[in-house]
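K.L.:
Submitted below is the structure of interest, expressed as structure tokens.
The values are calculated or read from the model by the stated rules, or taken from the named source; none is laboratory data. Small disclaimer: the values here were computed from a predicted structure and weren't measured. Here the Cβ positions follow ideal geometry from the backbone for every residue, glycine too, while neighbour counts run over all protein chains shown. Remember, those area values only see protein heavy atoms, side chains included, never the ligands or the DNA or RNA. Shrake-Rupley method; radii C 1.70, N 1.55, O 1.52, S 1.80 Å.
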Amino acid sequence: MSLIGHVYLLPPERLSALLAEPATVVAVVDGAYNDPGQGFVDLDKAWNALHYLLTGSARDGEGPLAFLLKGGTPVGDEDLGYGPARVFQPAEVAAIAEALAEVSQYKLLPRFDLKKFEKLELYPGRWSEVNLRSDYDLGYYFGPLEQLKNVTRRAKNEGAGMIVWIG
């Protein structure tokens, strides 16, 4: 099974409704795929490497930059592949946006250590096949980072919340 990371913006009223009715989480995440204009980011299999690049940790981390795997409020008990979806309130998303604004490919590139990724068993593995001189390979990881920066900045400006899931 492939684990794909996702981020989707939710207006405060939809976020509140989801928390009030956590059983609707599958419908919400399924609907995200059909609503890319509303702030949907498909991280594909880059989520674990991005989490590491942002936090310096394979699966832990603290603060707003750990949002891909930590923080927020779990939505019910439904395991979507890598645990339940988590929602972030507008103030939390604003903090994430501010933290991401300080991040750049240039700053993160020194952490892009393929041998370390292999040793840490970062998903999806096969790090020996990645070519750091390839625009395609770098774009696979840093393209979603730019999308995350844009979407969280938009959420901050609009007062939106966010749902994150890996499944």
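K.L.:
Can you name every residue in region 6-30 that is free of Cβ contacts under 8 Å to residues at least 12 places away in the same chain, touching a helix residue (DSSP H, G or I) at 6+ places or on another chain (Cβ under 9 Å) and not β-branched (Val, Ile, Thr)?
P.N.:
The one that is free of Cβ contacts under 8 Å to residues at least 12 places away in the same chain, touching a helix residue (DSSP H, G or I) at 6+ places or on another chain (Cβ under 9 Å) and not β-branched (Val, Ile, Thr): 17.
K.L.:
How many residues does region 40-61 contain that are open to solvent by 10 Å² or more (accessible area, probe 1.4 Å) and not acidic (Asp, Glu)?
P.N.:
10
K.L.:
Another question, if that's okay. Take region 33-62 and flag every residue that is within 16 Å of residue 150 (Cβ to Cβ) and aromatic (Phe, Trp, Tyr).
P.N.:
If the condition is that a residue be within 16 Å of residue 150 (Cβ to Cβ) and aromatic (Phe, Trp, Tyr), then 40 is the only one that fits.
K.L.:
Would you mention how many residues in region 104-161 are in a loop (DSSP other than H, G, I, E, B), open to solvent by less than 60 Å² (accessible area, probe 1.4 Å) and either free of Cβ contacts under 8 Å to residues at least 24 places away in the same chain or β-branched (Val, Ile, Thr) (or both)?
P.N.:
4
K.L.:
Does residue 59 satisfy being of a type outside the set (A, V, I, L, M, F, W, C), under 16 Å from the mean Cα position of the chain (by Cα) and part of a helix (DSSP H, G or I)?
P.N.:
In short, no.
K.L.:
Quick check, is residue 43 within 30 Å of residue 128 (Cα to Cα) and in contact with a Gly (Cβ under 7 Å, 6 or more places away or on another chain)?
P.N.:
Taking the combined requirement at face value, the residue satisfies it.
K.L.:
Please verify whether residue 87 is in a strand (DSSP E or B), more than 17 Å from residue 51 (Cβ to Cβ) and modelled with pLDDT of 95 or more, treating the condition exactly as stated.
P.N.:
For residue 87, the condition - in a strand (DSSP E or B), more than 17 Å from residue 51 (Cβ to Cβ) and modelled with pLDDT of 95 or more - is met.
K.L.:
Six or more apart or on different chains, Cβ atoms under 6 Å: show the pairs whose first residue is in region 36-64 and under 19 Å from residue 99 (Cα atoms) and whose second is of a type in the set (Lys, Arg) and buried (at least 16 other Cβ atoms within 10 Å of the Cβ).
P.N.:
From region 36-64, the pairs are 61/70.
K.L.:
Let me ask something else about it. Taking the stated definitions as given, is residue 92 in contact with a helix residue (DSSP H, G or I) (Cβ under 9 Å, 6 or more places away or on another chain), open to solvent by 30 Å² or more (accessible area, probe 1.4 Å) and not polar (S, T, N, Q)?
P.N.:
Considered against the rule, which asks whether it is in contact with a helix residue (DSSP H, G or I) (Cβ under 9 Å, 6 or more places away or on another chain), open to solvent by 30 Å² or more (accessible area, probe 1.4 Å) and not polar (S, T, N, Q), residue 92 comes out as yes.
K.L.:
What single numbered condition from (1) small (Gly, Ala, Ser); (2) part of a loop (DSSP other than H, G, I, E, B); (3) open to solvent by less than 20 Å² (accessible area, probe 1.4 Å) fails to hold for residue 97?
P.N.:
Tallying (1) small (Gly, Ala, Ser); (2) part of a loop (DSSP other than H, G, I, E, B); (3) open to solvent by less than 20 Å² (accessible area, probe 1.4 Å), residue 97 fails exactly one: (2).
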